[in-house]
1. For the ranges 262-268, 178-184, what's the packing order if you count other beta-carbon atoms within 10 Å of each residue, average per peptide, and put the highest first?
2. How high is the FRET efficiency from Cys10 to Glu264, r the C-beta distance, R0 25 Å, rounded to 0.05?
3. At 0.36 nm per residue, minus the direct Cα-Cα distance, what do Arg60 and Arg135 gain on full extension? Give it in nm, one decimal, please.
4. Hey, which of these cross-link pairs are over 31 Å Cα-Cα: Lys38/Lys161; Lys64/Lys161; Lys83/Lys258; Lys94/Lys138?
5. Give me the number: length gained by fully extending Val29 to His52, i.e. 0.36 nm times residue separation minus the C-alpha to C-alpha distance, one decimal in nm.
6. Pop the C-beta distance of Asp186 and Leu120 into the FRET formula with R0 = 51 Å and round what comes out to the nearest 0.05.
7. Once the Cβ-Cβ distance between Ala90 and Phe17 is put in as r, and R0 is 22 Å, what FRET efficiency do you end up with, to the nearest 0.05?
8. Can you classify region 58-190 as rounded, prolate or oblate using the Cα gyration tensor, where a ≥ b ≥ c are the square roots of its eigenvalues, rounded means a/c under 1.5, and otherwise it's prolate if a/b beats b/c and oblate if not?
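Read-outs throughout are calculated quantities, based only on the coordinates presented, and are distinct from any laboratory measurement. Just so it is clear, the model here is predicted, and its values are computed rather than measured. Ideal geometry is used to build each Cβ from the backbone, glycine not excepted, and the neighbour counts take in all protein chains shown.
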Amino acid sequence: MEFHNLPEDCIANILSFTTPRDACAMSLVSSTFRSAAKSNIVWERFLPSDYHTIIPSSLRFDSKKDLYLYLSHNSILIENGQKSFSLEKANGKKCYMLSARSLLICFGDTPLCFWGWGSLPESRFTEVVNLLCVRSFKIKGRINTCMLSTDTLYGAYLVFKSSSSGSYGFEYDPAMASIEISRGGDSKFQLVYLDASRSPSMKHFRILTQVVRRIQAPPPLAPSSAAALVGHTRDSIPHPVERIDGWWEIEIGDFFNKGGEENEVEMGVDQVHVV
């Protein structure tokens, strides 16, 4: 029997072991494949196994494919608006953003003097925090590895906005970015600049969030050490990159989530240690 003559349910089951991209490509083969590629059998497999516990019950779609495509093009707020959730379009890996309110910010609860809380129309979260004046720039975000996709290399990013007024100093001194995993996991450190340009200029930061998003899934990388930071020049230290949405991001580091046991990942940016 030729492959395209198999029953539609059988073809759908086979396609569910491929990838979303492959399923869409196979839908061009024939009308039978096109129908099978739209099946809930296929797209249920592409969605995270625990998606029922993540997305709100009010989010309903006619098909699992429509739900998948929505989550791969849009983020939804979860945990009382403290995080946002989306899917990597190519493979359905989980992606998260942590709101500014969910971060641990040094002097973040000292109003008017150091940080100011407010809103910004272009932010997905109801609150952002403005850096007004602070000598010790230190922020941290945490996420449990059980929330993430297994056997996946994740990247963590700090996302922010800047303007021409307000505090300054990031163009002169780098910060220490770190990724630390509890229970004997790897620790990685790297220097980063938080100014959006290489020339000295005034910068005013609105910290939006920390991002945890899926990159790829090769074997885990060997941990870097603080000793490896010696000898960096300004040109070799990473600078922020502008996103298509107008915000800036700097990669804090990456970590491999093997899964199987519960750990906590702590992501931080600290200018105290390097000024």
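1. In descending order of packing, they fall as 262-268, 178-184.
2. Computed FRET efficiency for Cys10 and Glu264: 0.05.
3. The Arg60-Arg135 span can extend by a further 22.3 nm.
4. Over 31 Å Cα-Cα: Lys38/Lys161; Lys64/Lys161.
5. Residue separation times 0.36 nm, minus the Cα-Cα distance, leaves 5.1 nm.
6. FRET efficiency, Asp186 to Leu120: 0.90.
7. 0.90
8. Taking the square roots of the gyration eigenvalues as a ≥ b ≥ c, region 58-190 is oblate.
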